[in-house]
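*Asks:* What follows is a structure written as structure tokens; I'll ask about it next.
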Amino acid sequence: MLLPPSLAVLITEQLNQPAPTPLANTLETTTWMFPSPHPGTHRQAKGLYERLAALGITVRSGRRAVLMALAQDLPAGVLASLIGIHASTATAWSHELKRDWTAYLATRINPPNTANHDK
């Protein structure tokens, strides 16, 4: 069957294009930094670890460093709630870092009387 030349060119160009992959389609329609092959969701941590390990990149020490930096800067209760860990784990990290938030907590519970500061 003969096709008009302009249509034949379009069909040939289409046939020469690689088949779209599910991930390629997802990348064009998502705002996730690490999109999953499943539309509307992010890539799971385990999948990222495995992919990075296959490339020879270890992430365990970097992850621990970031978590310890957060534990240094935040009270254990806040850290636990923020990253979804048990409060006892966050408390253990704070003790490991020798971080004591009792003065902060005491101030939050009994704020100083600011009415006398203006006199």
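*Asks:* Taking H as built 1.01 Å from N, whose amide H comes closer than 5 Å to the amide H of HIS42, not counting residues under 5 places away?
*Replies:* SER36
*Asks:* Neighbour counts of other C-beta atoms within 10 Å: give me LEU79, LEU52 arranged from fewest to most.
*Replies:* Ordered by Cβ neighbours within 10 Å, fewest first: LEU52, LEU79.
*Asks:* Still on this model: Label points 7 Å out from Cα along the Cβ direction at GLU50 and ILE11: separation in nm?
*Replies:* In this crude spin-label approximation the distance works out to 4.2 nm.
Readers should treat all values here as calculations from the given coordinates under stated rules, not as data from a laboratory. The shown structure was predicted, so the numbers you read here are calculated from the model rather than taken from an experiment. With ideal geometry, Cβ positions are generated from the backbone for all residues, glycine too; neighbour counts draw on all protein chains shown.
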